[in-house]
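Down below is the structure, laid out as structure tokens.
The values are calculated or read from the model by the stated rules, or taken from the named source; none is laboratory data. Values in this document were obtained by computation on a predicted structure and should not be read as measured data. Counting neighbours? That spans all protein chains shown, and the Cβs are built from the backbone with ideal geometry, glycine included.
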């Protein structure tokens, strides 16, 4: 019996009908052309305004069929914030998928040449004419717009990856907005700012070894940077990891929704969200007073609260 005959014989009519319906639905979705005007309306409805500074994390494959792909998406984002605004994206370069592995096998960093490894859209963005990229061996940021050069300019001079002087902290200082497209609130680098800023962060999230590496700055001058990466053992339960981070991701999402700090909407064929960076930082600041971080598990949380209830 051939495979086709076996398929026809063993699959029920109901199952085959459901498969066909899903296939046709997918094909209709794939063929639907998403226009720039539609995406601009989506961003306006979401709450992106002229003059905004937005840090965009995205999953491009979920957006749908956009003509000229990433170039159109970048144009839409820049148009949405206007000439007075700024668009930022991650430009992280971790070809071995972790900070430690990248630093252990380091081959140098040049902001104009080292590829980003976090997706087609960020890589296209960092190569656009007019884009500025910060200097950091693993965790650089690209930006375009009015404050792009200022925001990205001193990353290599900061003693930390995410603290004062870095693009992440300058984004917070400038009153930026975090935008997620086709993702949930898990994979958002912004969370790490507080770890490099406050003295009483409940846990040490950094690896025990500090690396000294050479980088090229924008002028081509070689500099030495000291980098202390995130500890992968601590990161196992972090908000962006699955399934270990599922509980704390839902915990944070619930707080943001109940406080009306996060807004959801559409972007093409996927969902999107927006939140003021200052609001998220305040929530984190409140939670660390209770020893709750983006690394906290449900068991740890219940243990903390049980101890508090018994005192």
Looking at (1) touching a strand residue (DSSP E or B) at 6+ places or on another chain (Cβ under 9 Å); (2) more than 22 Å from residue 53 (Cβ to Cβ), can you tell me which one residue 293 breaks? (1)
Kindly state which strands (runs of 3 or more DSSP E) lie completely within the stretch 126-216 and contain at least 3 residues that are more than 19 Å from residue 113 (Cα to Cα). 177-181
Does any residue in the stretch 156-178 that is in contact (Cβ under 8 Å) with a residue 40 or more places away in the chain and at positive phi come within less than 9 Å, Cβ to Cβ, of a residue that is buried (at least 21 other Cβ atoms within 10 Å of the Cβ) and assigned to a helix (DSSP H, G or I) six or more places away or on a different chain, and which pairs are these? 175/277
Could you pull out the residue among 175, 119 that is farther than 20 Å from residue 229 by Cα and modelled with pLDDT under 95? 119
Restricting the search to the stretch 86-115, which residues are touching a helix residue (DSSP H, G or I) at 6+ places or on another chain (Cβ under 8 Å) and farther than 25 Å from residue 234 by Cα? 86, 87, 88, 89, 115
